[in-house]
Each structure stands twice: as C-alpha cells, then as structure tokens.
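The values are calculated or read from the model by the stated rules, or taken from the named source; none is laboratory data. No experiment lies behind these values; they were computed from the predicted model shown. Ideal geometry is used to build each Cβ from the backbone, glycine not excepted, and the neighbour counts take in all protein chains shown.
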Amino acid sequence: MTSEIDYKKISKGDKKELRSALTKVESFSAKDEELLWASFLKLKKRPTLLGIVGTPGAGKSSFLNQLISYNRSKKPTSQLGMLLIDPSNPDGGGALLGDRVRLKKFFLDDGVYIRSVSNKGDVSGLTPHLDKYIMILSHFPFDTVTIESVGGGQSTTYLRDYVDNLILLYDPNSGDGIQHLKSGVLDVADCIVVSKADLFNTKSISNSLYEWGSKHTQIFDVDLLNGEPDFIGKINLKKSKDSQSFQLGYLKRRLTKELHNVIDEFSNSYPSKTPLTEDSYRLYWEKFSTFFQEKSK
C-alpha cells in the first residue's frame, strides 16, 4: 500500500503534512521510496545540513540550545529543523527521547521544528531511515536541518556522509593526551567545540587539538552552560551545495543494502551443515555467482 504524501504542501511550509510524512517513514513501501526519491530529485535547493556528534555527556543538548537561541535571536524569521536520534533499548526496542525534553523551551516556537527518532539498534549511532528523513525534511523551507547522533566514541564518523558540516562536541574529561591524537571523528570534524571551558584542563586539551589536528578544523573552548552563544556566529559553516553528493551517497547506501539482502537470501536458500572445504567453497561461490546474476535480471 502506498502512503499518500503531498510533497508540494511540505515545500510550501505545511508542518502538518511534514509531521505526517515523517511518521509514515517506517512503514514506507518500495513505491513510497521511489515517489520520495523522484520528488527529492526535483528540488532546486535544500537546507544546510549540520551534524552533531559527541560522547554522552559532552554537551550536545546544551549546544543545540545555544544553536537555536543564537539563530532565532539573530534572524527571527529563520526556520530551523532538528532531527534528534536517541538510543533504543536492545530488548524492548523503546527509546527515551531525552533530547526532546531538554529542548522543551522551543516547543512553542514556530521557527523551530523538533523531531525525535530511535536509532532502532543501528550500530552507526544513526537511524536506518536517515536517508528518507533527510529527503523529507529537505522539502520544507528550513534554513538549516541539524541532525544529532547517538552519543558515541572516536569511530562515529558515519554522519559525515550525510551532512554539509560535522560538529564534534568534545568533553575535556574524555581521556589523556594520547586519546586526542587517535584517528577517527577528530580527523573528519569541520568544527570541534571543547565543552566545559570552566575546567582546569580545557586549555591544554585545546592546545593539543590545535597542534595535532587538521589546520582546517575550527576549535572553540566554550562553557556551554554559563557562556554566551555568540561563538555560534564564528563557526564557518559550509552552505549546502546542490543535492548531487547526497544523491550519490544515497545510491551507494541503497546498492549496499540490496547487496546485503541478496547475500542473506542466498545464505538462507543454501543451508548446509557440511564443513567448509576448498571444494565446498568453490561450489558455493559458483552457486552464489549464478544466484546473483539471476537476481540482477
């Protein structure tokens, strides 16, 4: 069954239609995805996409409050979208949408749209439906859409493939000096905000990041709880380009997903308790090649 979504209404600023579309994402059929994809390709422009990553307790929610406050005060007509991803319970699947609670002072602000979703156990710290969420949100006349990932560690670099700007919230209590030199999200972030500037070791952490980090990465020492949000205006945000890069990324992720489905289907089609030998490996590889060719037709 195909969901009836009016993307033209969303493009004209209809938040009711936007909410309805986002609610239907998890039940999208293959036809729904095709209709969304076709509509997304027709967009002349899209919002600037910001990605927020950081370990639990690093200050992501505090940063979001500062980000919204600054933008709404400097440009009262701005439209800001927030997609907040929270971890799900591995047993029951539910999620405490805590960041939504922390942004409650903006619930009645017509210029701010907040949507909380569960990561559904996705190990990337994102949600399996992120492509679709972004494409739907891109239809609405937002100035920016901010995506906050589940709190993670050094390897949480996945969000950079979806956004124009990746901002890392860095806790100065996250480890010794060696931790700051390790590769990972530190290498791909466009901006690093060292939170809790009131702590004694914050400056030394920033100096290490300046010395060993990329020269193109902006670094700020900020007291997110007590400081003023003026530093937000100093962040050099890259504006959204055309949608081509996102489109190519979407296609790559979709093809990878389809390939995984083919492999799973093949594995279920040829169950075997025979120990893996060189001959059986060769046989399975031949069968898989044939199976894959059949699926590609």
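Just a few scattered comments:
- Residue match in the range 140-147 (condition: acidic (Asp, Glu) and either buried (at least 23 other Cβ atoms within 10 Å of the Cβ) or at pLDDT below 90 (or both)): no
- Pairing each residue of the range 175-202 that is farther than 17 Å from PHE63 by Cα with any residue that is modelled with pLDDT under 70 and surrounded by 18 or more Cβ atoms within 10 Å (Cβ to Cβ), provided the two are 6+ apart or on different chains, yields C-beta distances under 6 Å for VAL185/THR156.
- Filtered residues of the range 65-87 (kept if polar (S, T, N, Q) and under 28 Å from HIS129 (Cα atoms)): ASN65, GLN66, ASN71, SER78, GLN79
Results for (1) at pLDDT below 75; (2) more than 23 Å from the chain's Cα centre (by Cα), shown as yes or no for each residue.
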site: VAL150; (1), (2): no, no
site: LEU169; (1), (2): no, no
site: LEU181; (1), (2): yes, yes
site: ALA189; (1), (2): no, no
site: LEU199; (1), (2): yes, yes
site: ASN207; (1), (2): yes, yes
site: SER214; (1), (2): yes, no
site: LEU224; (1), (2): no, no
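- Segments classed as helices (runs of 4 or more DSSP H), wholly inside the range 6-51, with at least 2 members that are touching a residue at least 40 places away in the same chain (Cβ under 8 Å) and under 19 Å from the mean Cα position of the chain (by Cα): 15-24, 30-41
- Checked against (1) surrounded by 19 or more Cβ atoms within 10 Å (Cβ to Cβ); (2) of a type outside the set (Lys, Arg); (3) touching a helix residue (DSSP H, G or I) at 6+ places or on another chain (Cβ under 6 Å); (4) modelled with pLDDT under 95, GLY59 passes all but a single condition, namely (3).
- Odd one out for LYS238, checked against (1) more than 22 Å from ASP161 (Cα to Cα); (2) assigned to a loop (DSSP other than H, G, I, E, B); (3) at pLDDT 70 or above: (1)
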